[in-house]
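Structure first, commentary second.
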Amino acid sequence: MSSTGLAPDTDVGTPGRRTRHWTTAMKWKGAAFTVPFFLGFVLLFIIPLGYAMWQSLFREQAAGGLGLTGTVTEFVGFDNFARVFADGKFWLGMSRVLIFAFILVPVMLAISLAMALLLDAARRRAVRFFRLGFLVPYMVPGIVAALMWIYIYSPRSGPLTPVLDDIGIDADFFASEMLWVSIGNLIVWNTIGFNMLIIYAALLSVPRELFDAARVDGASEWRIAWSIKIPHVRGPLALVGMLSIIGLVQIFNEPLLFRQVSPETVTKDFTPILFIYNQAFAANNYHYAAALSVVLALVIGAVSFVYYKIANRGGNA
Amino acid sequence: MSALKTSLKESPPAPARPVRKRRSRAAEDMPVGHGQTRRSQLFTLAGLGLFFIYSVAPVWWLITAATKNQRDLYADSGLRGLWFSDFNFIENLRQVLTYDDGIFARWTLNTVFYSGVGALVSTLIALAAGYGISKFQFRGRRIAMGFIVATFLVPGMLLAFPLYLLFSMLGLVDTVWAVLIPSFINAFSVYLAKVYCDSAVPDELLDAARVDGAGEVRVFFQIVVRIMTSGAATIFLLAFVGSWNSFFLPLMMLRGSDKWTLALGLYAWAGKRAETGTDLTSLVIMGSLLSTIPLAIFMIAMARFWRSGVTLGSIK
């Protein structure tokens, strides 16, 4: 493109050959710019993935006979995977996070959408103030958010339990039946700001004339939001939903921190990643942990695929 | 209001025109507000207010809690927890900064270092890669782009464990590199850089520079990087925030507390109560507040950039 336009000007002798030569050189130079990234990409993505798959085919076993000399690593084929598929604890954790994501993602999307729509309907001066407020949670690092909410939930230091107690609700945020609600709330709190921003940005790109036209036709604000604004932000909503699902299936930080306060409820196999983490670092089952990782990747891939299909069919835009 | 009046004055008596003009002016002032009933305006404000309280109240609690000593923290239960008691902020600050030979300052510096260096290097690598993919027609660039987008979907945590195995083989575990190197490579940054480069860097300018005899490296550093400053700032910002918030990777890779990040340190402090019975709650609260402040200031100061990044990412 640009190269062919340039070459004839600078050229004197054999135009065709030199142009081709020049184009090839440019291609190589262009590719060279991407080399640092792709080198790192191979080192940090491809090799670890391949290595994990390779490791998942082995097992460490106590060396027979002497007993004291340690372990040998032997090739076991797909034995580790067979074990994964029969591992009730892993799949229980998996079903926990899948159900959790299934319930929480619509809630997250609905809240972020509501915030964005309200912001879009507000006067300009109010927008600035509220948008800043809505973004405060996004400025809080994930671990800090989790720690903070745990203190807020705590009956000893937090304001929530006594206040609920005063109005007659006996809440224990760390009880097993409340735990996912507690975790869900803190995740919603931590993420709605960013999600709201993405949706709000998309709302701003809706042509304003559409609203005027709808108003002239007698549409109410509700109707405008439902029939014009929401369809317009379908793409960003689907994207936010997808990223949220992928994030929630890998949930780790929050359960890990809740484990500090209620270890009997949040067991060490509570979520898939927590399970893998404990297999790898507490039980020293590297090979099994590698197999678990691969299976988890496949599950996430499958879930993303199904979600993508559904989101696309629904939107079809 | 004054704009409205002048527009009325200026407009000639033709009956239909002024009305339309007034509308469009008013619309500029309040995007959707005009034509709304009072009731729906009130509803909007009430909804905004509720979400505002939900967003801000927990942080407000953190701020008030950081000013209390541990006794007041536990004594002020209920709504009293949302207001100040004895002002102990300075004392808490002193405790956080001196506990365990001032390890907190060390963690802060580590976090700034990991995030700063990581974001800087990854931004440079991403700009180069994005530029290469955007402006050169080499074979495999489509596949490359496909790979990059596909990695958004590959869960980061999933790679973390195999990466740990690899790094332990290379002897990098529990070194600074174990946290730095993974932060250098960021597929989302490359994607953003490519999108920016597509829209911001004109081909003609590059060709002109080449005609003038500038080498490719010079074209990149003196033209492309300069034009893409604001895009680069967004990429840097998002990478910085991502590193600042990262927890799983440092948790796996780092053993010695002198290399820890703030998140890791706070996690360890919070866990002390369960492990050894030492209650460091007021330290954790103060530390949480302290670790949030730099990030908040940084983000507010650069709000312009990351807003544009988010918008761009969502459109494509």
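The values are calculated or read from the model by the stated rules, or taken from the named source; none is laboratory data. Quick caveat: nothing in here was measured; it's all calculated off a predicted structure. FYI the Cβ positions are ideal-geometry reconstructions off the backbone, even for glycines, and counts take in every protein chain you see. When the accessible area is computed, the model is the full protein with side chains, heavy atoms only, and any ligands, DNA or RNA have been set aside. Shrake-Rupley method; radii C 1.70, N 1.55, O 1.52, S 1.80 Å.
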Can you tell me how many residues in segment A:150-167 are within 11 Å of B:L73 (Cα to Cα) and touching a residue at least 24 places away in the same chain (Cβ under 8 Å)?
0
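Yes/no matrix, rows are residues, columns are (1) under 25 Å from A:D165 (Cα atoms); (2) surrounded by fewer than 18 Cβ atoms within 10 Å (Cβ to Cβ); (3) touching a strand residue (DSSP E or B) at 6+ places or on another chain (Cβ under 8 Å):
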{"site": "B:Q41", "(1), (2), (3)": "no, yes, no"}
{"site": "B:A65", "(1), (2), (3)": "yes, no, no"}
{"site": "B:V96", "(1), (2), (3)": "no, no, no"}
{"site": "B:G130", "(1), (2), (3)": "no, no, no"}
{"site": "B:R139", "(1), (2), (3)": "no, yes, no"}
{"site": "B:A144", "(1), (2), (3)": "no, no, no"}
Out of the residues in segment A:277-296 that are on the phi < 0 side of the Ramachandran plot and surrounded by fewer than 18 Cβ atoms within 10 Å (Cβ to Cβ), which is nearest to the other protein chains (Cβ to nearest Cβ)?
A:F281
Residues in segment A:235-253: is at least one open to solvent by less than 60 Å² (accessible area, probe 1.4 Å), without any contact (Cβ under 8 Å) to a residue 24 or more places away in the chain and out of contact with any Ser or Thr (no Cβ under 9 Å at 6 or more places or on another chain)?
no
Yes/no for A:T265 being open to solvent by less than 30 Å² (accessible area, probe 1.4 Å), among the hydroxyl-bearing types (S, T, Y) and more than 16 Å from A:F81 (Cα to Cα):
no
Among A:M115, A:M139, A:M108, the single one that is assigned by TED's automatic domain parsing to the domain that holds A:Q250 and closer than 20 Å to A:I228 by Cα is A:M115
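A:L243: of a type in the set (A, V, I, L, M, F, W, C), under 30 Å from A:L117 (Cα atoms) and at pLDDT below 85, yes or no? Lay out the reasoning, then the answer.
Working: of a type in the set (A, V, I, L, M, F, W, C): yes; under 30 Å from A:L117 (Cα atoms): yes; at pLDDT below 85: yes.
Considered against the rule, which asks whether it is of a type in the set (A, V, I, L, M, F, W, C), under 30 Å from A:L117 (Cα atoms) and at pLDDT below 85, A:L243 comes out as yes.
Conditions tested, residue by residue: (1) open to solvent by 10 Å² or more (accessible area, probe 1.4 Å); (2) at pLDDT 85 or above; (3) within 8 Å of chain B (Cβ to nearest Cβ).
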site	(1), (2), (3)
A:R131	yes, yes, no
A:F134	no, yes, yes
A:Y151	yes, yes, yes
A:I167	yes, no, no
A:I187	yes, yes, no
A:F194	yes, yes, yes
A:F211	no, yes, yes
A:V216	yes, yes, no
Scan segment A:21-43 residue by residue and report those that are surrounded by 15 or more Cβ atoms within 10 Å (Cβ to Cβ) and over 12 Å from B:A144 (Cβ atoms).
A:W22, A:T23, A:M26, A:K27, A:K29, A:A32, A:P36, A:G40, A:L43
Which number in (1) modelled with pLDDT of 85 or more; (2) buried (at least 23 other Cβ atoms within 10 Å of the Cβ) marks the one condition that B:D101 misses?
(2)
Going through segment B:270-299 one residue at a time, which ones are open to solvent by 10 Å² or more (accessible area, probe 1.4 Å) and facing chain A (nearest Cβ under 8 Å)?
B:A270, B:R273, B:A274, B:T292, B:A296
What's the number of the condition B:F221 fails, among (1) open to solvent by less than 60 Å² (accessible area, probe 1.4 Å); (2) more than 11 Å from chain A (Cβ to nearest Cβ); (3) of a type in the set (A, V, I, L, M, F, W, C)?
(1)
Within the bounds of segment A:262-276, is there any residue that is farther than 22 Å from B:F152 by Cβ, within 23 Å of the chain's Cα centre (by Cα), within 11 Å of chain B (Cβ to nearest Cβ) and assigned to a helix (DSSP H, G or I)?
yes
Within segment B:160-197, work out how many residues are surrounded by fewer than 21 Cβ atoms within 10 Å (Cβ to Cβ), at pLDDT 90 or above and hydroxyl-bearing (S, T, Y).
1
Within segment B:256-269, tally of residues that are open to solvent by 20 Å² or more (accessible area, probe 1.4 Å) and at pLDDT 90 or above
5
